[in-house]
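First the structure, in the form of structure tokens, and then the observations on it.
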Amino acid sequence: MDGLFSGKGFSGNIKITQKEFLQLRDIIYELSGIFLNDNRKFLIENRFAPRLSELKLNSYSEYINYLKNHSKGKTEELAMLTELITTNETSFFRDNPQLKVFRNYTLKKMIDEGNKTGRREIKIWSAGCSSGEEPYTLAIILHEALKEDIRKWRIRITANDISTNVLKMAEKGIYTKYSLRTTPIPIISKYFSEKDNNIYQIKPEVKRLIKFGKINLNQDRSVKMVPRSHIVFCRNVIIYFDKDMKRKVLSGFHNNLLDNGHLYVGHSESLHAVTDKFKPRQHAGTITYHKI
Ligand SMILES: C[S@@+](CC[C@H](N)C(=O)[O-])C[C@H]1O[C@@H](n2cnc3c(N)ncnc32)[C@H](O)[C@@H]1O
């Protein structure tokens, strides 16, 4: 499987020319900030073939024309394009070493401070939350860390994505065993109700900590409306962006974070040579970034 862009579409027989590829790439970039390298032609052909066939179009030029000039193309089709171009790969308890650092370092610090000062509030932003596995995992970790005391805390996890389809799945909170493949069994028993055929539903006490909503990280005005956070999780998202878009998004996180806020990115993502607005801190198995 192609790690970066996998899982959607099938191989079609309409080939995209270099000119069409560059035009479509610009449309995708302007829309989402997602940048496609030159070697991604096959990805486009693979993912868009069924769509071109549904629309009864014979070439990518016709599709680009539809996107630019047709009333439906400029609205509904751009939403459809977003669904085709995003990669939504995720799972519960993804990157456990990093989550341990979150629990034992960031969260511990916040809980100790909250108990000392009486200001018991934790606000987290999960940016690019896909179908909800990441924010639900964070909510479970909060339950595990605070136990009965969770009632004394004001907790809000804001979870956003650009894709409407994954947000619908997140709202439902129903998952297959595959999504839970790295989740400890006692956690599954405690926070999910098992339905038929290895289908699991997240329990309401976890769900109530999260507010899902659609946000495009490429739109400053939507980003500015996200409630300010103590911690931002944006894992396995900026890997799809070019340097300019990374800078823009990271600057949005910097503005969103409260003083001394923490940022978590994916283990293969780095802020090195992109921004100096955050101070890195090395832990066993992960780096955390701190608002300067
Ligand atoms: C690979 S998933 C990562 C999910 C989760 N954070 C994790 O690490 O498991 C990347 C997500 O980023 C979302 N995304 C991509 N571009 C975005 C944008 N401009 N604004 C908001 N979300 C975006 C995609 O729709 C996708 O669901």
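The values are calculated or read from the model by the stated rules, or taken from the named source; none is laboratory data. Since we're looking at a predicted model, the values are computed, not measured. All Cβ positions, even for glycine, are placed from backbone atoms using ideal geometry, and neighbour counts span all protein chains on display.
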Looking at the stretch 214-221, is at least one residue within 14 Å of the ligand (Cβ to nearest atom) and either assigned to a helix (DSSP H, G or I) or outside the structural domain of ALA127 (by TED's automatic domain parsing) (or both)?
yes
Per the filter on the stretch 44-56, residues touching a residue at least 40 places away in the same chain (Cβ under 8 Å) and of a type in the set (A, V, I, L, M, F, W, C) are ALA49, LEU52
I'd like to check something: does the stretch 148-163 contain any residue that is in a helix (DSSP H, G or I) and buried (at least 18 other Cβ atoms within 10 Å of the Cβ)?
no
Within the stretch 42-70, residues surrounded by 19 or more Cβ atoms within 10 Å (Cβ to Cβ) and charged (D, E, K, R) come out as GLU45, ARG47
Just wondering, is there one or more residues in the stretch 275-286 that are without any contact (Cβ under 8 Å) to a residue 12 or more places away in the chain, surrounded by fewer than 19 Cβ atoms within 10 Å (Cβ to Cβ) and of a type in the set (Ser, Thr, Tyr)?
no
Please enumerate the residues belonging to the stretch 222-246 that are without any contact (Cβ under 8 Å) to a residue 12 or more places away in the chain and either buried (at least 16 other Cβ atoms within 10 Å of the Cβ) or more than 14 Å from the ligand (Cβ to nearest atom) (or both).
SER222
Would you check if ILE140 is within 16 Å of the ligand (Cβ to nearest atom) and part of a strand (DSSP E or B)?
no
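Let's see how each residue does on (1) farther than 30 Å from LEU22 by Cα; (2) within 16 Å of the ligand (Cβ to nearest atom):
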position	(1), (2)
GLU45	no, no
SER61	no, no
ARG103	yes, no
SER130	no, yes
Do we have GLY132 as closer than 20 Å to LYS190 by Cβ, at pLDDT 95 or above, surrounded by 21 or more Cβ atoms within 10 Å (Cβ to Cβ) and under 13 Å from the mean Cα position of the chain (by Cα) here?
yes
Hey, among GLY261, GLY252, which residue is more than 14 Å from the chain's Cα centre (by Cα) and assigned to a strand (DSSP E or B)?
GLY261
As an exercise: evaluate ARG119 against (1) in contact with a Leu (Cβ under 9 Å, 6 or more places away or on another chain); (2) among the charged types (D, E, K, R); (3) in a loop (DSSP other than H, G, I, E, B) and give the number of the one condition it does not meet.
(1)
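To keep it simple, each residue is scored yes or no on (1) touching a Pro at 6+ places or on another chain (Cβ under 8 Å); (2) among the β-branched types (Val, Ile, Thr); (3) modelled with pLDDT of 95 or more.
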{"position": "ASP242", "(1), (2), (3)": "no, no, yes"}
{"position": "PHE253", "(1), (2), (3)": "no, no, yes"}
{"position": "ASP259", "(1), (2), (3)": "no, no, yes"}
{"position": "LEU263", "(1), (2), (3)": "no, no, yes"}
{"position": "LEU271", "(1), (2), (3)": "yes, no, yes"}
{"position": "ASP276", "(1), (2), (3)": "no, no, yes"}
{"position": "ARG281", "(1), (2), (3)": "no, no, yes"}
{"position": "ALA284", "(1), (2), (3)": "yes, no, no"}
{"position": "ILE292", "(1), (2), (3)": "no, yes, yes"}
Across the stretch 60-78, which residue is nearest to ASN13 (Cα to Cα) among those that are small (Gly, Ala, Ser) and modelled with pLDDT under 95?
GLY73
